[in-house]
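Report on the following structure.
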Amino acid sequence: MTFALQFTIDVLSLGGAYALMALGLVIVYGILKLVNFAYGELIMVTGYTLFLMGGSGLPWLVMAAVAVAMAVVTGVLTDYIAFRPVRAKSITAVLITSFAFSTLLQNAALLFISPRPRNVPLPALFSQTVEIAGVITPVRNLVTIAAAVVLLAVFAWAMRRTVLGIAMRAAATNFTMARMLGIPANLIISSAFAISGLLAGVVGILWIGRIGSVVPGIGSEPLLVAFIATVIGGMRSLEGAVLGGFLLALIDTSLNYLLSQELLKFRDAFTFGLVILILLWRPEGLLKGPATGQRT
Amino acid sequence: MTRHLLTAAILGGFVILLVACAEMLGIRVFDRIATNLCISLILVLGLQVFMGNSGILSFAHIGFMGVGAYTSAVLTIPLQMKGMALPELYLVFKGVQLSPYLAIPIAGLVAAAVAAALSYPLMRLSDAAAVITSFALLVVLHTVMTNWSNVTNGPRTLFGVPRATDLTLAAGVAIAALLGALAFKESRTGRLLRASRDDEVAAGALGLHIPHLRWRAFVLAALFAGIGGALWGHFITSFSPNAFYLRETFVILGMLVIGGANTVTGAVVGTFIVTGAFEGLRSLEGSLNSAKIFSEQVIGLTEVVLALAMIAVLILRPGGLFPSREIGAIIVRALSKRERST
Amino acid sequence: MLELTDVEVRYGAIRAVRGISLKAEKGELVALLGANGAGKTSTLMCIAGALKAAAGTIRLDGRDVTSATPEAMVRNGVATVTETRDVFPDLTVAENLTLGSYIRRSDRAGVAEDREKMFALFPRLAERYGQPAGTLSGGEQQMLVIARAILSRPRILLLDEPSLGLAPVIVDQIFEMIGVLKRSGLTIVLVEQNAAKALAVADRAYVMRLGRIAASGSAAEIGATTDLGALYLGG
Ligand SMILES: Nc1ncnc2c1ncn2[C@@H]1O[C@H](COP(=O)(O)OP(=O)(O)OP(=O)(O)O)[C@@H](O)[C@H]1O
Ligand SMILES: [Mg+2]
């Protein structure tokens, strides 16, 4: 029983973080067909913003809000500076640009801050543990679950109930038609990057909360996680991305318990091998995205 | 035909000129730079063979460089060093010690074989699925290299690889790769593949089996990468799996993108320019560090500049410096134009 | 009010529209006829801003709108019903309609009123209100895209083959509705395969062949002088 609870908390907290990561990647992919390699660096930006504000004496929540805001701004700016000028040219050019931009941000952090880990201010809550029905678990896991639930609920609501949300869903299936109804392309794209940045920011704080410090390469692992979860979830479906995040967490957590230490080292090879197989079988991802086919 | 020969002669001439300069100068550092340049050139040309002809971005390329490097290392590390360099090596390889000059081509073939076996089904995919799978393949190869300690010594540095690569060898192989890339581009497969790149639907309608064409290019690219990796291993003599990951991918891709992925000329020019710029920036980094102007070590400057250059090229000149015509074709056209005008 | 001068549209090397000039006056219904591949859809998409004109100019009330974006064209009062009947299949009928009135979203009362009008015109849509648009029948989807286009309160409506693939009864309904819209003072450019039906509602007509205007005149003239059968077979 305690094991089941432990396992559930592990899967839900890891899955919550994964789901948010995947969602942030898919929201941009769905609209622009752009796999944004620089997504992980939004997490990095969050971390360094938090680090730089460490001595400011502001309340932690204010610092966290500023850090998330920085991720949003960076996300939108990346689009303006790097992607917008090449977007019309070719999808490959945009992909290479996003890869280059990711390297640029990482190395800028190496150059201007430091290759060494930097401690970020975290509230005491992040290092405390609680006991629930005999299971001792870090509070930050519960915080992660709560944050994921709240964000996913708000996100789902916004996508269904606000005009902008409906417009974004429409643009993801048929961008040109959406524009032919008067929905401005740039508004949709900037919103997608802003949401992506917001999700990366929140995930960044939760993720860094586990580690306690930030390094230039901090975004790599979340990026890979988001890739896999997205592929599992279907690359064009927002619900799929969320589900993919939780499924991946379930797989990861199970493998942690099941695989021997020897094989555990190859876990990434297994999961990425799985990714390749899934894409071969279904190039659009495991779960179906919104239909593009039209009935006539 | 003349324009292809002219292209080959001019680009080969660049490499020979480089070797001549290095020999004449006789400075160790320059020799090292020139050798590295030739090895990079082999890798960039390999990537050009696949990307330039198929139009698909591949992230897996550097993974095959790693396969080549480790294969050649396992086959050549001297017997008396094997116990120390690769303590967990499989018994069958314990008694093997080949000449590097034999092991390098074998390494290329092994990389090509691995690519051939893994990649066939992947070639159906285009767009985002193709990019993510090739990226996933790189991660898989990297994870295997990092953890298969029986043949790679795990994440730790593998040392004891005999030094065998010198400038002449690297330059010779680079010229061969150059000819190979040009020949492939003009071969039937290369032409059909380029037709499919420009119009996938029409090429499919002609009954071309595009995945098969792509696969041939991919395997040839892996052959180049494997040989390049082996040469590099025998030059640097010790390395770890991290040498074959995202940073190297970024550098090689940057060279190709800046020069122009669609042409062999672009691959060569990009390699020369980026290597030159890199060495300049690295020495700047070095002198900044030794001058202790900043409290911390200056690192990452070269990558920042390369990334900016890549983005600038993609924005201003998306096809790179040589977007569509080879240097030979450009010269022949210019000459015939002048003839007509006089 | 809408005027095209020597407009060209290219897809790479393919010249789909090779310099056409046409006009639609206020309140007019202009039919654009021609065989498959004549370039009718390309012309409409170019007016709508979804395709770039390679040459020529497009004017709206005398203003040059040649390089306007699709969203700007909607704000200029041009609404488009595409040939491919682009409903957003995962969005409900209601959500599709909401996007139709996107540019008027501050005018809530007006939008609600227009919505009611649309439901009066197409009662089927009211019944299917909360259903994903992808599950509608072809005819219902056609009604939806027309209603959605009209909710932007356009001054000009571009209609691309509204009768395509629909049962005769539905086609009659759609043409009836086009008549209603015309009487309400809307300017309409109608692309149709069904030349007889189109000419019956049109004021004037243009016949396109291989990207050029082959004939033009009043609907009656075109109906009398042009061999409509040959028009569609001849290409
Ligand atoms: N996306 C495209 N890429 C390449 N060629 C295209 C494209 N769209 C249309 N064409 C070509 O342009 C020409 C005109 O096409 P268009 O769709 O405008 O014709 P149409 O008059 O609307 O025909 P239909 O009556 O069949 O709808 C055709 O030859 C077509 O093959
Ligand atoms: Mg048409």
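What to note about this one:
- The single residue among A:224, A:164 that is touching a residue at least 12 places away in the same chain (Cβ under 8 Å), within 11 Å of another protein chain (Cβ to nearest Cβ) and surrounded by fewer than 19 Cβ atoms within 10 Å (Cβ to Cβ) turns out to be A:164.
- Some residue of the range C:38-61 being within 16 Å of ligand 2 (Cβ to nearest atom), away from every other protein chain (no Cβ under 13 Å) and part of a loop (DSSP other than H, G, I, E, B): yes
- Of residues in the range C:184-207 being among the charged types (D, E, K, R) and open to solvent by 20 Å² or more (accessible area, probe 1.4 Å), the one nearest to ligand 2 (Cβ to nearest atom): C:197
- The number of residues in the range C:120-145 being in a helix (DSSP H, G or I) and within 13 Å of another protein chain (Cβ to nearest Cβ) comes to 10.
- Restricting the first member to the range A:258-280 and to residues that are touching a residue at least 24 places away in the same chain (Cβ under 8 Å), and the second to residues that are open to solvent by 40 Å² or more (accessible area, probe 1.4 Å) and not in a helix (DSSP H, G or I), the beta-carbon pairs closer than 8 Å and six or more apart or on different chains are A:278/A:286.
- Residues of the range A:198-216 include at least one that is open to solvent by less than 30 Å² (accessible area, probe 1.4 Å), within 14 Å of chain B (Cβ to nearest Cβ) and either closer than 30 Å to residue B:118 by Cα or in a helix (DSSP H, G or I) (or both).
- The range A:63-90 residues that are within 11 Å of chain B (Cβ to nearest Cβ), paired with ones that are among the hydroxyl-bearing types (Ser, Thr, Tyr) and surrounded by 15 or more Cβ atoms within 10 Å (Cβ to Cβ) (beta carbon under 6 Å, 6 or more apart): A:82/A:97; A:86/A:97
- The lone exception for residue B:228 - which of (1) over 30 Å from residue C:12 (Cα atoms); (2) out of contact with any Leu (no Cβ under 6 Å at 6 or more places or on another chain); (3) away from chain A (no Cβ under 14 Å) it fails: (2)
- Residues of the range B:295-331 that are over 23 Å from the mean Cα position of the chain (by Cα) and among the aliphatic types (A, V, I, L, M): B:298, B:299, B:315, B:316, B:329, B:330, B:331.
- Those residues of the range A:93-118 which are open to solvent by 30 Å² or more (accessible area, probe 1.4 Å) and more than 13 Å from residue A:38 (Cβ to Cβ), in sequence order: A:110, A:111, A:112, A:113, A:115, A:116, A:117, A:118
- Of all the criteria given as (1) closer than 26 Å to residue A:126 by Cα; (2) buried (at least 24 other Cβ atoms within 10 Å of the Cβ), the one not satisfied by residue A:2 is (2).
- Test: residue in the range B:21-38 that is closer than 19 Å to residue B:321 by Cβ and either in contact with a Gly (Cβ under 7 Å, 6 or more places away or on another chain) or free of Cβ contacts under 8 Å to residues at least 12 places away in the same chain (or both): no
- Residue in the range C:69-76 that is in contact with a strand residue (DSSP E or B) (Cβ under 7 Å, 6 or more places away or on another chain) and either within 15 Å of residue C:158 (Cβ to Cβ) or more than 16 Å from ligand 2 (Cβ to nearest atom) (or both) present: yes
- Within the set C:29, C:99, the sole residue that is more than 26 Å from residue A:31 (Cα to Cα), more than 16 Å from ligand 1 (Cβ to nearest atom) and surrounded by 16 or more Cβ atoms within 10 Å (Cβ to Cβ) turns out to be C:29.
- The range C:77-95, residues that are within 16 Å of ligand 2 (Cβ to nearest atom), free of Cβ contacts under 8 Å to residues at least 60 places away in the same chain and closer than 14 Å to residue A:181 by Cβ: C:86
- Test: residue in the range B:162-174 that is part of a helix (DSSP H, G or I) and within 28 Å of residue A:102 (Cβ to Cβ): no
- Residues within the range B:256-308 that are under 29 Å from residue B:56 (Cβ atoms) and either in a helix (DSSP H, G or I) or of a type outside the set (Ser, Thr, Tyr) (or both), tallied: 29
- Residue check, residue B:30 in contact with a Phe, Trp or Tyr (Cβ under 8 Å, 6 or more places away or on another chain), open to solvent by 50 Å² or more (accessible area, probe 1.4 Å) and part of a helix (DSSP H, G or I): no
- Looking across the range B:279-297, just one residue is more than 13 Å from every other protein chain (Cβ to nearest Cβ) and surrounded by 15 or more Cβ atoms within 10 Å (Cβ to Cβ), and that is B:279.
- Residue A:137 away from every other protein chain (no Cβ under 14 Å), within 30 Å of residue A:3 (Cα to Cα) and hydroxyl-bearing (Ser, Thr, Tyr): yes
- Single residue of the range C:17-37 satisfying the filter (within 16 Å of ligand 2 (Cβ to nearest atom) and part of a loop (DSSP other than H, G, I, E, B)) that is farthest from the other protein chains (Cβ to nearest Cβ): C:35
- Candidate set: the range A:250-263, residues that are under 24 Å from the mean Cα position of the chain (by Cα) and surrounded by fewer than 14 Cβ atoms within 10 Å (Cβ to Cβ); chosen: the one modelled with the lowest pLDDT: A:256
- Unique residue being surrounded by 15 or more Cβ atoms within 10 Å (Cβ to Cβ) and closer than 18 Å to residue A:95 by Cβ when the list is B:254, B:300: B:254
- Failed item in (1) closer than 30 Å to residue A:113 by Cα; (2) under 13 Å from the mean Cα position of the chain (by Cα); (3) open to solvent by 40 Å² or more (accessible area, probe 1.4 Å), with residue B:223 passing the rest: (1)
- Hits in the range C:208-225 - residues which are buried (at least 22 other Cβ atoms within 10 Å of the Cβ) and part of a strand (DSSP E or B): C:208
- Residue B:266 open to solvent by less than 30 Å² (accessible area, probe 1.4 Å) and within 13 Å of chain A (Cβ to nearest Cβ): no
- Qualifying residue in the range C:148-162 (condition: surrounded by fewer than 16 Cβ atoms within 10 Å (Cβ to Cβ), in a helix (DSSP H, G or I) and not acidic (Asp, Glu)): no
- Exclusive hit being touching a residue at least 24 places away in the same chain (Cβ under 8 Å) and surrounded by 24 or more Cβ atoms within 10 Å (Cβ to Cβ), set B:234, B:212: B:234
The values are calculated or read from the model by the stated rules, or taken from the named source; none is laboratory data. It should be emphasised that the depicted structure is a prediction, and the values quoted were computed from it without experimental measurement. Using ideal geometry, Cβ is built from the backbone for each residue, glycine included, and neighbour counts are taken over all protein chains shown. Surface areas here come from the heavy atoms of the whole protein model, side chains and all, with no ligands, DNA or RNA. Shrake-Rupley method; radii C 1.70, N 1.55, O 1.52, S 1.80 Å.
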